[in-house]
Number of protein chains: 2
Amino acid sequence: MARTPPHPDTFDLQQVLEALVDPVRRSIVTQLDASGQDIKCGAFDIPVSKSTATHHFNVLREAGLIRQYYVGTSRMNTLRRADLDDAFPGLLDALITRPAGH
Amino acid sequence: MARTPPHPDTFDLQQVLEALVDPVRRSIVTQLDASGQDIKCGAFDIPVSKSTATHHFNVLREAGLIRQYYVGTSRMNTLRRADLDDAFPGLLDALITRPAGH
């Protein structure tokens, strides 16, 4: 468990918005929501380097949008949909259930 | 009409989010929504200088969140609630119908 990074139990709207204002991070959340299952960091379709992607995943995790855990050497990502819907009803629906680029 | 600043007819989610990620701008939108009527620029409760406030109003107007018009020398502000709800259903509800600071 020592390799599992920390996750917040409470949510701050400002921090959540700062996470979601970035289009790459919004794309990560949208892909997780669309797939309906956990996705490993290397399997997302995002136009950034691995180190930049790691930064984006950290911002999302620290804001409470995703959970991360390891399977072997793969870092997996889970969308915290229920937690977010409870803290900010309607927010994810408003932001990620529309066509990319809209 | 020459003094009426331009307003967009279409909305861009990225631009709307960049407008709403700022807490002062979110406060302006929240105050407009709560009052239910138009408010002149000088009458908002925001902790910034007049020139900074003008910048924030411009960002909100250019993103499509507010309409501005003059009454005498006062610049009035209208929340474009229906336009926004049509373009991004649920977004304003998710962002501005909660206690300040939450």
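Identify which of A:Q14, A:Q31, A:Q68 has the largest mean-square fluctuation in a Gaussian network model of chain A, with springs joining Cα atoms closer than 10 Å.
The residue with the greatest mean-square fluctuation here is A:Q14.
To the nearest Å, what is the center-to-center distance of the range A:18-40 and the range A:62-82, using C-alpha atoms only?
11 Å
In nm to one decimal, list the spacings between the B:T78 label point and its equivalents in the other copies, with label points set 7 Å along Cα to Cβ, shortest first.
Result for B:T78, in nm, nearest copy first: 4.8.
Three principal axis extents, largest first, for the C-alpha atoms of the range A:11-51, in Å?
28, 24, 13
At 0.36 nm per residue, minus the direct Cα-Cα distance, what do B:Y70 and B:D9 gain on full extension? Give it in nm, one decimal, please.
Stretched fully, the B:Y70-B:D9 segment lengthens by 20.0 nm.
What total accessible area, in Å², is buried where chains B and A meet, using a 1.4 Å probe and rounding to the nearest 100?
Working: alone 6040 and 6040 Å², together 10560 Å².
Summing both chains' loss of accessible area gives about 1500 Å².
Excluding ligands, DNA and RNA, what is the solvent-accessible area per residue of the range A:13-95 at a probe of 1.4 Å, expressed in Å²?
Computed with neighbouring chains in place, this is 45 Å² per residue.
Would you tell me the mean number of C-beta atoms belonging to other protein chains that fall within 10 Å of each C-beta in A:88-96, as a whole number?
If you average over the peptide's residues, the count of other-chain Cβ atoms is 5.
On a 1.4 Å probe surface of the protein chains, which of B:V21, B:V48, B:V71 comes out largest in accessible area, and what is the full order? Before the final figure, lay out each step's value.
On the way: B:V21 30, B:V48 50, B:V71 85 Å².
These residues rank, largest area first, as B:V71, B:V48, B:V21.
Trypsin sites (Lys or Arg not before Pro) within chain B: which are DSSP loop residues with at most 14 other Cβ atoms inside 10 Å?
Sparse-neighbourhood loop trypsin sites (Lys or Arg not before Pro): B:R3.
Taking the range A:13-95 as the region of interest, what is the percent of Cα-Cα pairs per 10 angstrom bin, listed from the shortest bin to the one with the maximum distance?
Pairs per bin, as whole percents: 18, 58, 23, 2.
Which whole number gives the average, over all residues in A:7-14, of C-beta atoms from other chains lying within 10 Å of the residue C-beta? All intermediate terms of the calculation are to be shown ahead of the outcome.
Numbers: counts 0, 0, 0, 0, 1, 2, 7, 6.
Going residue by residue through A:7-14 and averaging, the value is 2.
List, shortest first and in nm to one decimal, how far the label point of B:G42 (7 Å from Cα along Cα→Cβ) is from its counterparts in the other copies.
Those separations, rounded to one decimal, come out as 6.3 nm.
Kindly give the distances from A:T4 to its copy-mates, label point to label point, with each label point 7 Å from Cα along Cα→Cβ, as nm values to one decimal ordered shortest first.
For A:T4, the inter-copy label distances come out at 5.8 nm.
The values are calculated or read from the model by the stated rules, or taken from the named source; none is laboratory data. The structure displayed is predicted, hence computed values, not measured ones. When we count neighbours, we look across all protein chains shown, and the Cβ atoms used for this are built from the backbone with ideal geometry, even at glycine. Heads up: the accessible areas ignore ligands, DNA and RNA and are worked out on the full protein's heavy atoms, side chains in. Shrake-Rupley method; radii C 1.70, N 1.55, O 1.52, S 1.80 Å.
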